[in-house]
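A short worksheet on the structure shown next.
FYI, it's all coordinate maths here, none of it is from the lab. Only a predicted model underlies this, so the values are computations on that prediction, with no experimental measurement involved. Methodologically, a virtual Cβ is constructed for each residue, glycine included, from the backbone with ideal geometry; neighbour enumeration extends over all protein chains shown.
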């Protein structure tokens, strides 16, 4: 506004790094919904597993966007509203989409329950080992 001309209003100018992570959260939530709706229409189990795989990624992106915004000390008005929208999509509408056929989803998961539990136990053991290694390094042992 130094030359007397009004500046063009643009929300994109206020975009910060955390907003890209928020968009990823929204895209993951949208992917969950689309995969679940396609699963309901076709009963293709791969789509259900795709939706289940996208839930944790949406959660990680949701945590990461807040952490990046605090770390960089930057936030935007668009990001605040975008974060609320992405949360509603990923953690409100997507689980509601799963509720259309909950028994079928539980039956699919039940068939693979033993493999899932082994995988989760393996992941938890690896995370615990990693934590212990870091603690030993930190304390010089």
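The slack between residue 38 and residue 137, meaning 0.36 nm per residue of separation minus the straight C-alpha distance, is 30.9 nm.
When each of 42, 50, 22, 104 is scored by the number of other beta-carbon atoms lying within 10 Å, the sequence from fewest to most is 42, 104, 50, 22. Taking the fewest neighbouring Cβ atoms within 10 Å as the starting point, the ordered list for 90, 57 is 57, 90.
Shown here is the pair-distance distribution of the chain: with all Cα-Cα distances grouped in 5 Å bins from zero up to the longest one, the shares run 2, 9, 13, 13, 13, 13, 12, 9, 7, 3, 2, 2, 1, 0 percent. Over the chain, DSSP H runs of length four or greater, each weighted -39,500 (n - 2.57), average out per residue to a 222 nm ellipticity of -26000 deg cm²/dmol. Packing, as the average of other Cβ atoms within 10 Å across residues, places the peptides 66-73, 133-140 in the order 66-73, 133-140, highest first. In terms of its C-alpha gyration tensor, the range 55-116 has an oblate overall shape, because the principal axis ratio a/c (a ≥ b ≥ c, square roots of the eigenvalues) is not below 1.5 and a/b does not outweigh b/c.
Relative to the longest principal axis of the Cα atoms of the chain, the long axis of helix 45-72 makes an angle of roughly 40 degrees.
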